[in-house]
1. When the chain is fully extended, how far beyond the present Cα-Cα distance does Glu292 get from Glu219, taking 0.36 nm per residue of separation?
2. Given the -39500 (n - 2.57) contribution per DSSP H run of 4+ residues, what per-residue ellipticity at 222 nm results for the chain, rounded to the nearest 500 deg cm²/dmol?
3. As I understand it, the value is the acute angle between the Cα axis of helix 19-30 and the longest principal axis of the Cα atoms of the chain; what does it come to in degrees, rounded to 10?
4. How far apart, in nm, are two points set 7 Å out from the Cα along the Cα-to-Cβ line at Arg240 and at Glu10?
5. For the range 262-337, what relative contact order do you get, as a whole percent, if you take Cα pairs closer than 8 Å and at least 6 residues apart?
6. Go through the range 148-153 residue by residue and turn each phi into a ³J(HN,Hα) via Karplus (6.51, -1.76, 1.60, θ = phi - 60°); whole Hz please, and just put x for glycine and proline.
7. What length, rounded to one decimal in nm, is gained on full extension from Asn267 through to Ser95, with 0.36 nm per residue of separation minus their alpha-carbon distance?
8. So if R0 is 22 Å, what FRET efficiency would Gln283 and Arg103 give, r being the distance between their Cβ atoms, rounded to the nearest 0.05?
Amino acid sequence: MTAACSSSSEPVLVLGGGLMGLAIAHQLARKGIAVTVLSRRRSEAAGFVAAGMLAPHAEGLSGPLLQLGQLSLGRVPSWVAQIEADSGLPCGLRSTGIVVPFRSDKERDLYPTAAFGEPLDREQLEQELPGLAPEWSAGLLFSQDGQIDNRRQLMRALESACVDRGVQFQEGVEVQELLQNHGQLKGVRTRDLEGTLSTLSCSQAMLCSGAWSAQLLPELQVFPVKGQMLSLQTPRGALRRVIFGPGTYFVPREDGLVVVGATSERNAGFNEGLTPQGQTTLQQGIAALLPEAINWPPMERWWGFRPCTPDEGPLLGESPIAGLWLACGHHRNGVLMAGATAELIADLASGSAPRKDLAALLPSFRWDRWRSEP
Ligand SMILES: Cc1cc2nc3c(=O)[nH]c(=O)nc-3n(C[C@H](O)[C@H](O)[C@H](O)COP(=O)(O)OP(=O)(O)OC[C@H]3O[C@@H](n4cnc5c(N)ncnc54)[C@H](O)[C@@H]3O)c2cc1C
C-alpha cells in the first residue's frame with residue numbers, strides 16, 4: 001500500500017502537464033500540498049487537441065466506463081466552478097446536448113445507451129439538426145451530455161488556477177527514468193531543453209504522461225491512437241446541438257466555430273502531422289452527415305494522440321511502484337473524466353478517503369486488470 005503525501009517541503013511531482021496533470025496538480029494544491037509539474041511539451045498534450053465533448057451517453061459507453069463517465073459528468077459543474085473561481089477565467093462549458101443520428105429505428109433502439117436518450121424521428125431530427133443528410137432517419141437526443149472548450153479555455157484556465165494555487169511548473173523538461181528502491185519511488189531523472197540531466201528526489205509522483213505513459217513504465221498497456229481534426233466557421237446560428245455521427249462529429253462553440261473530428265488511427269504510432277488520407281476521411285464524414293458544411297470555410301487543422309488501453313478504460317490508482325499513482329489511458333473520454341479522475345487521485349494520494357461511488361470503480365481501472373483474465 002502506498003503511503004500518502006503530505007504538505008511537507010518535498011513536492012509531489014506530476015509527470016506530464018497535459019489535462020490529467022493539470023487537473024490533479026490543481027486538486028492537490030487545493031489541499032495545501034506542494035506540487036511541481038514536469039512537462040516535456042505543453043503543445044503536444046491531447047488536452048489541447050480534444051473536441052471537448054462531455055459525452056458518456058452519446059459515446060455509447062457501457063459498464064464501469066459508463067459509470068465513471070456519468071459520475072464525472074455530474075461533477076463537471078462544480079469542478080469547473082472551482083477552476084473558474086481560482087483562475088478568474090471562463091472554461092467554456094456549454095450544455096448544448098448531443099444528438100446521435102441513425103439510419104434506422106432499429107439501429108437507434110439497439111444503441112447501448114438508448115435508454116438514457118430521447119428518441120427522435122426524422123422530423124424531430126430535422127428540427128434539432130437542420131441540414132442533416134436524408135439517410136439519417138432516426139436519432140437520440142442526450143440533453144444531459146455537453147461540451148467544454150478545452151482547447152481555447154479549459155486548459156488555460158487550469159494552468160492559471162494551478163499557478164494561483166502555488167503549483168510550480170518546469171516546462172521543456174522530459175522525465176527520462178523513474179528511480180526506485182525495493183519497489184518504492186525515490187525520484188526521477190530528467191533532461192531539459194539544453195540537455196542538462198538532473199535527478200529530482202520524491203516519494204510521491206503522479207504518472208500523467210498521456211499516450212506516452214508506457215515509455216516511462218513499460219508494464220502499462222497504453223498506446224497512442226492518433227486523431228486529426230479541423231474547425232469550420234459556420235454561418236451564424238447554423239448549429240445548436242453537437243452532432244455525434246459514426247466516425248465524425250460536429251461540436252459548435254459559442255462563437256460560431258465548429259470543431260470537426262476525428263480520425264481514429266491505431267497504426268499511426270507517434271507519427272506527427274496531417275495526412276491526405278486523414279483529411280479525406282474528415283471531408284467524407286462531413287459530406288455524409290451535413291452536406292452544406294462542405295462549403296463552410298475551414299479555419300484550422302490539427303492532430304494529437306489519444307492515450308488508449310486494450311479495453312479503452314483508464315489506468316487509475318496504484319501502480320507497480322509504491323508512491324507512483326496512475327492517471328492515464330483515458331483514450332477518447334479524458335476531458336469528460338478529468339474532473340472525477342483528479343478528485344479520486346488527489347484523495348488517494350493525500351490519504352483522504354475517496355468518495356464511495358468513485359472508490360467502488362477502482363478495481364475496474366487497475367493497471368494490471370488484464371493479467372487476472374484466464
Ligand atoms: C483527436 C482527439 C479528440 C478527443 N476528443 C475528446 C472529447 O471530445 N472528449 C473527451 O472527453 N476526450 C477527448 N479526447 C481525449 C482527451 O483529450 C484525452 O483523453 C486527455 O487529454 C488525456 O489527458 P492526459 O493528461 O492523460 O494526456 P495529454 O493531455 O496528452 O498530456 C500528456 C502530457 O504528458 C507530457 N509527457 C509525456 N511524456 C512525458 C515525459 N516523459 N516527461 C514529461 N512530460 C511528458 C506530454 O508532453 C503531454 O503534454 C480526444 C483526444 C484526441 C486526440
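1. Gain on extension, Glu292 to Glu219, equals 21.6 nm.
2. Value at 222 nm, helices only, nearest 500: -8000 deg cm²/dmol.
3. Tilt relative to the chain: about 50 degrees.
4. 5.7 nm
5. 23 percent
6. So the Karplus estimates, Gly and Pro as x, are 9, 7, 4, 5, 9, 10 Hz.
7. Result: 58.5 nm gained on full extension.
8. 0.60
FYI, it's all coordinate maths here, none of it is from the lab. Keep in mind that what you see is a predicted model, and the values were worked out from it rather than measured. FYI the Cβ positions are ideal-geometry reconstructions off the backbone, even for glycines, and counts take in every protein chain you see.
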